[in-house]
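Read through the structure below, which is laid out as structure tokens, and then see the notes.
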Amino acid sequence: MGQLFAVEVVYRGVFQKTLAKNITRDIVLAAHNEGKLGISFGRYGDAPERNGIPAKSFAIVANDEQTLEEGMAQYEPKHVDLTVVLDDTLSKGAESWAWYGLQPVHHALKPGATLIVISQEDAPALLKNIHRRDKAYKLAILKGITSFSGMWVFKDDHTDVRVLGAIASALPQLFSLNSVLQFINEKLKSELKVISARNAFDRFSTVDVPAGQGNPEELFKFELPGWDHMRDGVSIKGQPQGGPYADPVTGEVGGFRPARNELFKKYSTRSMRPVVNFSTCTKCTLCGLNCPDASFDITPDGHYDANLESCCGCGICEEVCPVKECVTMVNESEFHDNKSQWEAFRKDKDAYLNWLETTIAKASPIEKRSHGFRYRGQYQEQVPEALEVARKG
Amino acid sequence: MTTSTFVDEKPTQNLEPFKGVKKVPHEEYYTSGHRTCQGCESAQIMKLMAKAAGPRTIVLGSTGCMYVANTSYYSTPWGVPWMHTQLGSSGSAALGAAAAFRVQMRKGAMKDEPINVIAFCGDGGGADMGLGAISATMCHPDYNLLILMYDNESYANTDIQISGASPYGVNTSFSTPGKVKRIMNHRWKKNMAPLIAVGHPTVKYVSTISTSYPLQAMNSVRKALSVGGPTFIHCLNPCPKGWDFDPVLSFQLGELAVNTGIFPLYEIENGKLKMYGKSKDIVNGRFKRLPVRDYLLKQGRFAHFIEEDIEYFQSKIDETWDKWLVPGIIPLQKDVEAE
Amino acid sequence: MATLTLPVEEKKKSKINEQEALITGAEAIAIACKLANVDVVTAYPIRPYDTVMQYISQLVADGEMDCEYIVAEGEHSQFEIVKHASVCGARVFCGSSGVGWMYAMEALTVSPALRVPMVCMVGNRALDDPGAFGVEHNDALAVRDLGWLLTWVDSAQEALDTALIAYRVAEDRRIFVPLAISCDGAFLTHSQALVKIPAAELVKKFLPAYNRGDLLLHPDNVISVAPQANEDWVMEIRRQNYKVTEVACDVIREVYAEFEHTFGRKYGNPFFEEYMTEGADVVLLGMGTMSTPVKVAVRKLREEGKKVGFVRLRWFRPFAGPEIAKCLERFKAVGVIDRDFSFGSPDLSGVVATEVRSAMYSSSSTRPPVIGFIGGLGGREITVPDVETMTDIVFRAAKGKAQPLTQWFGLRE
């Protein structure tokens, strides 16, 4: 058997669909410049993709047909030589359409292989989110603003070629930088992209992550029952009704917490989260009423507390809130748990409000990430800034 | 309200309107855990619909986003009984369920009570494939049911293809602009609510709603479930995925669709037409329609439009308000009447 | 198996209450629906099945039957309406013919997995094109692999009895799948015969109320039915429907036994009827009303000393493979008459011949030759002389003389 390479790209559904497909296609084409053969495919189980819901795209490359066939003789690669994560908030794990439960972002990564994450954070910050594993691996950070666009308009901010350059450095056996540059010159015909790819190659560095280092969180799982243990008539139990709950300080019971789906929590879809200033909240109800995911718990004292186990971070609550700076969407990568903000507020009001201020100040998403198409011409405005952040590295 | 009705079906129950957002009950019958997109307004109308209908309800959902993305096997957001129905079957599903309840209650095999039967369909299931079955169902005045069409203006579940309710010129997987043809969809959006109201005089209640006006939307559902007989609601639902916009804009785009006059809000109850919200202000001249440009250019699906396309779109919208017999609703030319 | 036994005097009473009427097969099924107190019926016109709906509308108009009688706008809706009514707890009846049945195909396809015990009448009709009213079995057979139970009857009496049996079988909690009763167009749907109509109180005893239990779609039972499933689930769901076919034969046997007990009419083996097979060297096998010319021919041939018999298949799904093989392996050769086609199938045979061969292959030690005959398509007559010629061919095969495995009869050359 000859050499076989499997690369997976973990990305945000729809927002990064085109980007991820481009990258896995480009990997095959770049490797082909060295006479290698390969295939590229998006995971069927993720389709039809939904905004933000984690998805995967794969490239399988080999130096001869039979070896390639061995790589193709499975639904998707179980072990990959390289995992590329296109949004650092995915490092908290992925709950996809394709399975039940939360999977660590390095789920399929071979021992000792490299995990590339596009992020503006540093390794210690990312390792607060990336789950620990029992095998060591290498972590590489490709500095840059997360590239989000949508179904029809693509933001061409060179993320694709920068990833190629990084891969050439992380996995030189797959393809050399020259093969990448040859591909860019022939297919993409862009001098600027040649520079971007080369920079990514030159600046590439990794840190060794020993076994056991990282986020200790227990991942939630679900065991699939056998056919004779399933309800017949293709039927399942519906959701129960929610109810009131207790104030952590006074113990007073009230408010309302809807029943929440235990089998699909959806929070790994979130790249931004709402933070709520309960001291300015007028209890107008609009955030809760307009939340498509019924993600607000109505607290015993009548506030609206975003339940971060089910919130997928769409930002509608911020949009509909009539109070200035009551609900603010902030960059998700700043956070390392899904704890209730209201409980923190109840326990220590001042500490919470201070935390809120600093969090909004440093995690205000505007320069950290874009969340898709807002107006025509927006991407053209954003690309120079993205290239600048990338150039600085 | 039962004056001058074409059919004398009695109201089934009286679901009082919610008197303000703070009076809306907390209970959720469509909760979290669905796999819809961030900022999915179609999911939002499911939540509002279930909330408005309450616990004595069954929901029949035809194939589409609100089937596939809503419920994954072993995982469902529904707190009331829900069943998948085929893409073209929302009408038949509602009819079958309503008939079953009616006969079993008559024969004493089931407790006699008003049970809300709601079948929803997307614009693909409603305005295209399921139109025949919906039309047939709307002709059965003796069955109490509601058909709610959530309209995200495409076959969104199959990765966005044009439907009969897609807007002119829109970019979809089946109408992508190319090197030679910029506009691949030359169809104008199907005018569903008037089609149902005008074509089915026995229907006592038809309305258009928007998730950007949640209270009116819920109260419209409650009225539809009270008047008796088959009823129809058309809800416009901005779709962050297919329309290609930042999910945070979902709510705003719902408002813009109304404020630009593209999607008028009205109820037709017992033959009486009543505009409401900003649409009413537009008719009364109290509000000037915003240019459609404000709406179109916030969406990637129209990013390929050139000035000429925007102007054409604007001119057609103007025509619906200035030339139509019933502004924004009934596409008969006023001057025809004059001749 | 809990069987129902009636006090002697009640049996007498019921015999007295039993009436006789001259009715068509379609009318017989309409009367069965009335006796079964069906809740929801949907109709849509297409020959030849639709006469059943004419009779039901009359029964409703005359106040003899209390049900929701809905005329749909097409077969797809017709079947979707009863599908949902059944899920909401109603006993339902529906039916169609030919391309009408095909127009409903999507609804027919989804019903078995949803465990919907809808009972339908198929008035067998040739599939378009060309438009043709005559009988052909391909319409009903189109659902043979989808989890439906399929039965063929050959008399108005059997049509009525089988309709009652059908509700008892389909609504058994172990089954809960749709069931189609096939009646040959014209020969059965449109010709009248004397039929014994059982007493209502006996039917009541024989047919308990439909109880959907924990699958009922009602506000008191908060379930979600048929959520989207990925590759983690579909095989398990298919396996659940296989389980139905695993037990179907036993359930059918039980129900026929109870039917005989209750009404005193005997059908013997539920899955097939044997006619003059005693001491026969060869047999013919077929479904539906072809039984009349075949039986006449068999009697004639027997008088000539030719030892031939006839096996009429009643249940095609479930296909009682081992029993059928056990029955047929007694003979030196078998001739299967198909009133259907299966283009491109093994030996270019009809559907029934192919199934019989496959049943013999796995369940028979002797495996006598199985000769396939295709005839009576589009309502064409299967004549007594045809059957005699078929029999000669089967005898030749029995003597070891190689015969073509499929031959067409009544065809103009």
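Computed values, structure above
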read-out	value
Single residue of A:285, A:269, A:250, A:299 found to be β-branched (Val, Ile, Thr) and surrounded by fewer than 14 Cβ atoms within 10 Å (Cβ to Cβ)	A:250
Any strands (runs of 3 or more DSSP E) falling wholly within region A:46-131 and containing at least 2 residues that are surrounded by fewer than 23 Cβ atoms within 10 Å (Cβ to Cβ) and assigned by TED's automatic domain parsing to the domain that holds residue A:212	A:109-119
Subset of region A:311-333 (residues that are surrounded by 19 or more Cβ atoms within 10 Å (Cβ to Cβ) and under 15 Å from residue A:360 (Cα atoms))	A:315, A:318, A:326, A:327, A:328, A:329, A:330, A:331, A:332, A:333
So residue A:85, is it in contact with a strand residue (DSSP E or B) (Cβ under 8 Å, 6 or more places away or on another chain) and either closer than 22 Å to residue A:134 by Cα or modelled with pLDDT under 95 (or both)	yes
Selection from region C:134-159 of residues that are among the acidic types (Asp, Glu) and not in a helix (DSSP H, G or I)	C:136, C:145, C:154
Residue ID - nearest to the other protein chains (Cβ to nearest Cβ), chosen from residues in region C:227-240 that are crowded, with 17+ Cβ neighbours inside 10 Å and assigned to a helix (DSSP H, G or I)	C:236
Elements of type helices (runs of 4 or more DSSP H) in region B:33-109, at least 1 residues being within 12 Å of chain A (Cβ to nearest Cβ), closer than 28 Å to residue C:118 by Cα and charged (D, E, K, R)	none
Region A:361-393: number of residues that are crowded, with 17+ Cβ neighbours inside 10 Å and more than 14 Å from chain B (Cβ to nearest Cβ)	5
In region A:288-307, the residues that are touching a residue at least 40 places away in the same chain (Cβ under 8 Å) and within 11 Å of chain B (Cβ to nearest Cβ)	A:297, A:298, A:302, A:307
Residue in region B:191-200 that is small (Gly, Ala, Ser), touching a Gly at 6+ places or on another chain (Cβ under 6 Å) and within 14 Å of another protein chain (Cβ to nearest Cβ) present	no
Number of positions in region A:156-177 that are part of a helix (DSSP H, G or I) and either within 23 Å of residue A:18 (Cβ to Cβ) or small (Gly, Ala, Ser) (or both)	12
Some residue of region B:246-253 being facing chain A (nearest Cβ under 10 Å), of a type in the set (Val, Ile, Thr) and surrounded by fewer than 24 Cβ atoms within 10 Å (Cβ to Cβ)	yes
Test for residue B:155: is it surrounded by 19 or more Cβ atoms within 10 Å (Cβ to Cβ), touching a residue at least 60 places away in the same chain (Cβ under 8 Å) and more than 17 Å from the chain's Cα centre (by Cα)	no
Condition broken by residue B:23, with the remaining ones in (1) modelled with pLDDT of 95 or more; (2) in contact with a Lys or Arg (Cβ under 9 Å, 6 or more places away or on another chain) satisfied	(2)
Where residue A:346 falls short, out of the listed (1) farther than 28 Å from residue A:54 by Cα; (2) within 14 Å of another protein chain (Cβ to nearest Cβ); (3) not polar (S, T, N, Q); (4) not in a loop (DSSP other than H, G, I, E, B)	(2)
Count of residues meeting criterion [in a loop (DSSP other than H, G, I, E, B), touching a Gly at 6+ places or on another chain (Cβ under 8 Å) and either under 16 Å from residue A:118 (Cα atoms) or modelled with pLDDT under 95 (or both)] in region A:14-45	1
Top-ranked residue in region A:214-258 [being among the aromatic types (Phe, Trp, Tyr) and in contact with a strand residue (DSSP E or B) (Cβ under 7 Å, 6 or more places away or on another chain); ranked as nearest to the other protein chains (Cβ to nearest Cβ)]	A:256
Residue, nearest to the other protein chains (Cβ to nearest Cβ), within region C:118-139, restricted to residues that are surrounded by 24 or more Cβ atoms within 10 Å (Cβ to Cβ) and closer than 23 Å to residue C:245 by Cβ	C:118
Count of region A:204-236 residues which are among the charged types (D, E, K, R), surrounded by fewer than 18 Cβ atoms within 10 Å (Cβ to Cβ) and over 21 Å from the mean Cα position of the chain (by Cα)	4
Condition met for residue C:224 (within 14 Å of another protein chain (Cβ to nearest Cβ) and crowded, with 22+ Cβ neighbours inside 10 Å)	yes
Members of region B:223-242 found to be under 16 Å from residue B:45 (Cα atoms) and in contact with a Pro (Cβ under 6 Å, 6 or more places away or on another chain), listed by number	B:240
Check on residue A:250, over 25 Å from residue A:95 (Cβ atoms) and polar (S, T, N, Q)	yes
Check on residue C:160, closer than 22 Å to residue C:341 by Cβ and either surrounded by fewer than 23 Cβ atoms within 10 Å (Cβ to Cβ) or in contact (Cβ under 8 Å) with a residue 40 or more places away in the chain (or both)	no
Number of the exception - residue B:136 against (1) crowded, with 24+ Cβ neighbours inside 10 Å; (2) at the interface with chain C (Cβ under 7 Å from one of its Cβ atoms); (3) assigned to a helix (DSSP H, G or I)	(1)
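The values are calculated or read from the model by the stated rules, or taken from the named source; none is laboratory data. It should be emphasised that the depicted structure is a prediction, and the values quoted were computed from it without experimental measurement. When we count neighbours, we look across all protein chains shown, and the Cβ atoms used for this are built from the backbone with ideal geometry, even at glycine.
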